[in-house]
Amino acid sequence: MDYIDFKGVKLSKIGLGTMGMGGRFERDVSNDKQHLSAIEKHLQLGVNFIDTAEVYANGGSEELVGQAISGARSEYFIATKVSPEHLAYEDVIASCKASLARLKTDYIDLYQVHWPNPDIPLAETMRAMKELKAQGLIRHIGLSNFDLEGVHQCQALLGDEKVAFIQAEYNLFDRSAEEDLIPYCVENGCIFIAYSPLDQGSVVKSAELRSELRNYSDRYGQTDAQIALNFLVRSGHVIVIPKALSDQNIHTNCSALNFELSPEDVQRLESTLVNPVVYIDYGKVKPTKDMVNDLAIKTIEDAEQNLLHHSPSPIQLAEELKTKGKFKAIRVSKHESGDYQYLLEEGKLRFWATVIANKESGIVPVLIRS
Ligand SMILES: NC(=O)c1ccc[n+]([C@@H]2O[C@H](COP(=O)([O-])OP(=O)(O)OC[C@H]3O[C@@H](n4cnc5c(N)ncnc54)[C@H](OP(=O)(O)O)[C@@H]3O)[C@@H](O)[C@H]2O)c1
């Protein structure tokens, strides 16, 4: 295992993501034995960075992490997250205390805001984070799913305290973090935490990129996942947090840094493993159902009326996007059927906000999975 030295603390560059452990949305103890054993195997193989969240399995993931580290707390670095609906001052404090109880510890190494919530002033949330740090209940402050502008806003509000960790999706399918968040971490001495580093198990959901990757895995005698993880941590400021349950995947991931990609190959991968953003007519994208309520926004009118009661609403988000002038690509997959050529995968609310913001042209930026 390779480690990053962060202010004198060694952090494993291969961390462990625990979403889905202890249950999916609700607590489900039926697989606890298997999940606990998966966490323990990672720890035996040198992983000391564990990512969890109060929302995972409604606290169940934190409970399992607490069990896995009990008796050896100081050997591990525990990162957890406060949910967007708990970002008011008193709620942040209460969430943190509840996480501490589930983790059975008296401090959290890294406390992250899971997602921004435009309905709650950032100043309030940051004041609570500073208070938690002053009380010694958390050691570092982190942000998850914030764009660079949001990071700057939080940093300004924190004053002398630092945004020490930034978490966002980063994998071979979506390398957009390389444009701003990772350079920010390099310049400011922070750590970037790459979530879904294996693109949720696909390693890379694009046939072209997969065949490109295969050249390297064959030549190095490693798996695609190992080449991908090795490549993603190359800046020295990145920790990847793949989630793995099977023995084979755990061993593969934990030995992904046991070889070195040559500088020439890193350079080649930098330029060939690129998934360009494509601009398409939104009418070619087939809407899909929301995971939580099993309903879909099907038309721009549905979106404008906020049919699924999103907060922020698609109109609010569209205003925000217009002000920023920056539109993050939406994920779609190829889907030739009737009038549609693509299927809407992730970023469903953002898709409709982008459509509303670009109503005249009807053009949206997408990343296409083939
Ligand atoms: N901050 C956020 O909003 C946010 C969002 C998403 C995720 N996360 C964090 O990031 C962690 C990881 O993300 P993720 O679970 O979405 O995606 P991921 O780690 O990219 O992929 C997990 C999937 O990949 C499979 N897998 C693991 N190792 C593999 C390998 N070597 N080869 C092939 N398949 C492999 C796993 O299968 P098995 O489990 O069957 O082994 C699992 O199905 C989460 O657990 C969570 O901690 C954070």
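The values are calculated or read from the model by the stated rules, or taken from the named source; none is laboratory data. Every value quoted in this text rests on a predicted model; they were computed, and no experiment measured them. Please note: Cβ atoms are built from the backbone with ideal geometry, for glycine as well, and neighbour counts cover all protein chains shown.
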Result of the Cβ filter at 6 Å on the stretch 4-28, keeping first residues that are closer than 22 Å to Ser255 by Cβ and partners that are within 8 Å of the ligand (Cβ to nearest atom) and in a loop (DSSP other than H, G, I, E, B), at least 6 apart or interchain, is Gly15/Ile241; Gly17/Ile241; Gly17/Lys243; Thr18/Thr52
Out of (1) under 22 Å from Asp247 (Cα atoms); (2) buried (at least 16 other Cβ atoms within 10 Å of the Cβ); (3) out of contact with any His (no Cβ under 8 Å at 6 or more places or on another chain), the one Leu64 does not meet is (3)
For Phe77, indicate whether it is more than 11 Å from the ligand (Cβ to nearest atom), at pLDDT below 95 and under 20 Å from the mean Cα position of the chain (by Cα).
no
* Is one or more of the residues making up the stretch 11-25 at pLDDT below 95, away from the ligand (no atom under 11 Å from the Cβ) and either over 18 Å from Ser246 (Cα atoms) or outside any loop (DSSP other than H, G, I, E, B) (or both)? -> yes
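Filter the stretch 29-68 down to the residues that are assigned to a loop (DSSP other than H, G, I, E, B) and either within 14 Å of the ligand (Cβ to nearest atom) or in contact (Cβ under 8 Å) with a residue 60 or more places away in the chain (or both) and list them by number.
Leu45, Gly46, Val47, Thr52, Ala53, Glu54, Val55
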### Task
Assess whether Lys359 counts as being modelled with pLDDT of 85 or more and part of a loop (DSSP other than H, G, I, E, B).
yes
Pairing a residue in the stretch 247-259 that is in contact (Cβ under 8 Å) with a residue 24 or more places away in the chain with any residue that is near the ligand (Cβ under 10 Å from one of its atoms) and part of a loop (DSSP other than H, G, I, E, B), where Cβ atoms lie under 6 Å and the two sit 6 or more apart in sequence or on different chains, gives Ile250/Ala244; Thr252/Thr223; Asn253/Pro242; Asn253/Ala244
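Pick from the stretch 100-121 the residues that are within 20 Å of the chain's Cα centre (by Cα) and farther than 15 Å from Phe77 by Cβ: which of them is surrounded by the fewest Cβ atoms within 10 Å (Cβ to Cβ)?
First, pick out the residues of the stretch 100-121 that are within 20 Å of the chain's Cα centre (by Cα): 108-118.
Those still in the list that are farther than 15 Å from Phe77 by Cβ too: 113-118.
Values: Val113: 28, His114: 23, Trp115: 16, Pro116: 20, Asn117: 18, Pro118: 12.
The extreme case among them is Pro118.
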